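Quick note: the coordinates plus some simple rules give every number you see, no bench work behind them. As the structure is a prediction and not an experimental result, all values here were calculated from the model. Please note: Cβ atoms are built from the backbone with ideal geometry, for glycine as well, and neighbour counts cover all protein chains shown.
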């Protein structure tokens, strides 16, 4: 559920990047890359309609050159893309150079809507054969997950059987009751069916450190976000106002400086907003973030988790962070299985709504809530995002996406507090019912509100200077 990648979008940037990497592997398994004469790529549906604003063309080029989105210097991405555009040459797997004109070889199909809202088709012609010889279609289904005709392309080939198979919230709470264990304990035991506890913790720590780095970077970066609509970064000025005269030398020292700051209620709201804005400004600038569950909603979970560490519990340590991530990740997985985490399929309710539910669940767990209260928190958070549309202006992840992360984070904290103050037996709505409602709402929602920039703010706010 949590993936480290490059912004601005998990479905429109990370997914196509991974699809392009996989196509290079597919080509290599069939022929020598030096036998490739030309490539043609087609993007359909939402990928075509908002692809340029979401850097899909850039991501595909990086993937075809086999750049690693986990390790690449994000500062080098645009220079590499400009080289490809200017020279009209592409380095397959960074080794074999072919002619590649982005304007002619990368097609945005605005009319045809194939099997999935986010569909990519790769076509390779081989030397001496006179026609397209190798064709492969991919579907970017949300959250950085990519499928082909055989299913998820990066699924683990390792054979394993989960101790507690989970497909619904009811499954999970039943296991907790039967085993007298918390949600984080159940999820950890499942994760340990895949790898050792040491390996699981290592990955959780890597995820958190990446989240924390994106917050820190966003709080210390100024300027205008790319895309042409001149959106100014706000986290820098807000952070400067909140940190006051504190001094620090690194990230851990910075956390202690925040903890030492006397914070009032209004400032708590500002800190949470600052954290969320910081992450999504980094995301919008093609920076490295963690999909949680998507890039467009990447700021909610780290903002709520850092709120817990800096405001709520100054004694919290790495064990609390791991529990938070285990629980929030499992809640996101249940949403993916029962509905969708893709804005192209369900609107923004499937991204910000799901991330808010994930964050509310994680926060409730580390604040001592019962499994039932954890589920109640997730339900409350999602319930109040139902129907939220995805209507990005100019196809960018700037307006209204960045601010929506701060709103999702605040709602998550509120949902957790409501759940902790309630008796779950009095609840009239279950998490599974809300997940089903999300999916029904997604199916009823007009396509113009599903990351196509054909409705809502996207058509009612004009920028004449871009």
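A compact table of results
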item	result
Ranked list, fewest to most other Cβ atoms within 10 Å of each Cβ, for 410, 380, 134	134, 410, 380
For segment 37-142: relative contact order, % (alpha-carbon pairs under 8 angstrom, 6 or more apart)	41
Kirkwood Rh and Cα Rg combined as Rg/Rh, segment 197-250	1.14
Sequence ranges 396-403, 143-150, 417-424, ranked by mean other-Cβ count within 10 angstrom, highest first	396-403, 143-150, 417-424
Length-normalised contact order for the chain - Cα pairs under 8 Å, 6+ apart - percent	18
Global geometry of segment 370-456, whether rounded, prolate or oblate, following the gyration tensor of its Cα atoms and the 1.5 cut on a/c	oblate
Packing-based exposure ordering (other Cβ within 10 Å, fewest first) of 49, 326	326, 49
Added length on full extension, which subtracts the Cα-Cα distance from 0.36 nm per residue, residue 178 to residue 315	46.2 nm
Inter-centroid distance (Cα atoms) of segment 325-339 relative to segment 176-223, Å	13
Gyration tensor verdict on segment 3-152 (Cα atoms; rounded if a/c is under 1.5, prolate if a/b is larger than b/c, oblate otherwise)	rounded
Estimated distance in nm for a label pair at residue 205 and residue 86, the labels positioned 7 Å out from Cα along Cα-to-Cβ	4.2
Using a Förster distance of 51 Å, the FRET efficiency for residue 461-residue 76 (Cβ separation, nearest 0.05)	0.95
Simple label model, 7 Å out from Cα along Cβ direction - residue 265 to residue 161, nm	5.4
Gain on full stretching of the segment that runs from residue 337 to residue 222 - 0.36 nm per residue minus C-alpha separation	37.5 nm
Whole-Å distance, taken between Cα centres, linking segment 391-424 and segment 343-365	8
Cα principal axis extents for segment 212-295, largest first, Å	38, 24, 23
Packing-based exposure ordering (other Cβ within 10 Å, fewest first) of 247, 137	247, 137
Ranked by how many other beta carbons lie within 10 Å on average, peptides 385-393, 55-63 from highest	55-63, 385-393
Size descriptor, Kirkwood hydrodynamic radius, that averages inverse alpha-carbon separations across the chain, Å	22.6
Percent RCO, i.e. relative contact order, over segment 288-427, from Cα pairs under 8 Å lying at least 6 residues apart	29
